[in-house]
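Notes follow once the structure below has been shown.
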Amino acid sequence: MAAAAAALSPFLYLDPSQRQHFHIHLNPTKTPPFLSSRNPLLSLQRLHQCNCRCSFPSSSPNSVTPSQYYSFLDDPFRGSPFLSNEELEKLKALESFVYLQELESGSLWVRVMRNEEMDLTAGLLAESFAESMLMPLGYGALLRFLVKQYLIERRAVMPHAVTLVGFYRDKGGEKGNELAGTVEVCFDKRGANASPPTPIPPKNSPYICNMTVTKQLRRRGIGWHLLKASEELLFQMASTKEVYLHCRMIDEAPFNMYIKAGYNVVQTDSVLILLTLQRRKHLMCKKLPVYNSLYESDMSESGEELLS
């Protein structure tokens with residue numbers, strides 16, 4: 001699969017796939033006039049135009065070994081301390097969510113991003129974003145800073161939206177756990193971004209965005225399973241079962257993946273979007289199937305076998 005970064009909107013948008021996936025000194029007390037903490041990545045686009053996803057033992061410095069238990073109630077970046085009973089139940093569901101998959105070359109497990117993994121995730125997103133936009137390497141520090149601010153803002157709307165991270169371990173186990181990819185999942189209107197890319201999806205419908213896969217781990221099916229993990233979580237968390245995502249028209253491999261996964265094009269950008277220096281995109285939609293209890297039981301048993 002090839003990666004796809006769709007148009008820059010006031011939030012980072014990387015189409016689910018596998019690309020998919022000047023030095024600047026930042027003064028934390030003073031923001032340059034062209035930068036906006038509210039819409040950091042829209043500001044980055046202006047700057048660029050001005051040229052100016054079970055735990056395993058870890059042995060790699062770039063790997064992550066998660067603790068057995070993590071509470072999002074204690075997360076420093078969580079939003080309002082006042083949650084309804086329904087929101088508390090959803091938060092607990094996010095704490096326990098895990099998607100496990102044995103791949104041909106190793107093992108993949110996907111769960112909700114934790115606070116200590118934010119920098120690692122921001123770095124992966126920034127790298128993929130820079131690659132898709134053909135930005136110079138000098139943008140790296142600024143990109144990581146802006147993407148982290150975005151992740152912090154999105155963290156505050158949990159449990160209405162969430163960032164998933166995938167970790168990979170090869171069968172030899174030589175590299176330990178590697179961050180394999182990430183994807184953002186919005187469950188409802190309260191988790192929807194204020195300014196989504198065009199064509200605009202319904203705000204009260206689930207939405208998948210900002211998917212990317214670590215460069216050296218592409219073409220192993222990780223992007224497909226990030227998508228499947230997102231759908232599994234949406235099935236558990238969202239009341240509406242029609243899920244939307246975007247795909248750039250130029251990205252043939254991701255488009256074929258979405259078609260294979262059951263997504264259909266519902267709308268396409270007008271050619272006039274090119275005047276804003278953005279790529280034309282498809283808005284795609286899929287109605288999630290209703291799984292029967294037998295299927296869910298099989299999945300549960302499969303998960304227990306992998307965890308043991």
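The values are calculated or read from the model by the stated rules, or taken from the named source; none is laboratory data. Here the structure is a predicted model, which is why all the values come from computation and not from measurement. Neighbour counts are summed over all protein chains in view; Cβ atoms, including those assigned to glycine, are modelled from backbone coordinates with ideal geometry. SASA here: full protein model, heavy atoms, side chains in, ligands and nucleic acids out. Shrake-Rupley method; radii C 1.70, N 1.55, O 1.52, S 1.80 Å.
Summing Cβ point charges (Lys, Arg +1; Asp, Glu -1) relative to the Cα centre of the range 85-287 gives a dipole of roughly 380 debye.
Answer rounded, prolate or oblate for the range 102-182, using the Cα gyration tensor with square roots of eigenvalues a ≥ b ≥ c: rounded when a/c is under 1.5, else prolate when a/b is larger than b/c, else oblate. Judged from the Cα gyration tensor, the range 102-182 comes out oblate (a/c at least 1.5, b/c at or above a/b).
Which of K90/K148; K90/K241; K203/K241; K148/K203 have a Cα-Cα distance over 21 Å? Spell out each step's value before the answer.
Details: K90/K148 24 Å; K90/K241 16 Å; K203/K241 13 Å; K148/K203 24 Å.
Beyond 21 Å: K90/K148; K148/K203.
What does the C-alpha gyration tensor say about the overall shape of the range 85-287? Classify as rounded when a/c is under 1.5, otherwise prolate if a/b is larger than b/c, or oblate. Rounded is the answer for the range 85-287, as its axis ratio a/c remains below 1.5.
Close amide-amide hydrogen proximity is noted between R248 and H282, each under 5 Å apart and 5 or more residues distant or on a separate chain (H modeled in the peptide plane; Pro and chain starts excluded).
Got a number for carbon plus sulfur as a percent of the range 85-287's accessible area, 1.4 Å probe?
Numbers: 4320 of 8380 Å².
C and S fraction of accessible area: 52 percent.
For the range 181-191, the Karplus equation 6.51 cos²θ - 1.76 cosθ + 1.60, evaluated at θ = phi - 60°, returns couplings of x, 8, 7, 9, 10, 9, 9, 7, 4, 5, x Hz by residue, with Gly and Pro reported as x. Taking only protein heavy atoms into account and a 1.4 Å probe, give the accessible area per residue of the range 85-287 in Å². It amounts to 41 Å² per residue over the range 85-287. Each of T121, A93, G262 was scored by the projection of its Cα onto the charge dipole of the range 85-287, and the greatest displacement toward the positive side belongs to G262; charges sit on the C-beta of Lys, Arg, Asp and Glu.
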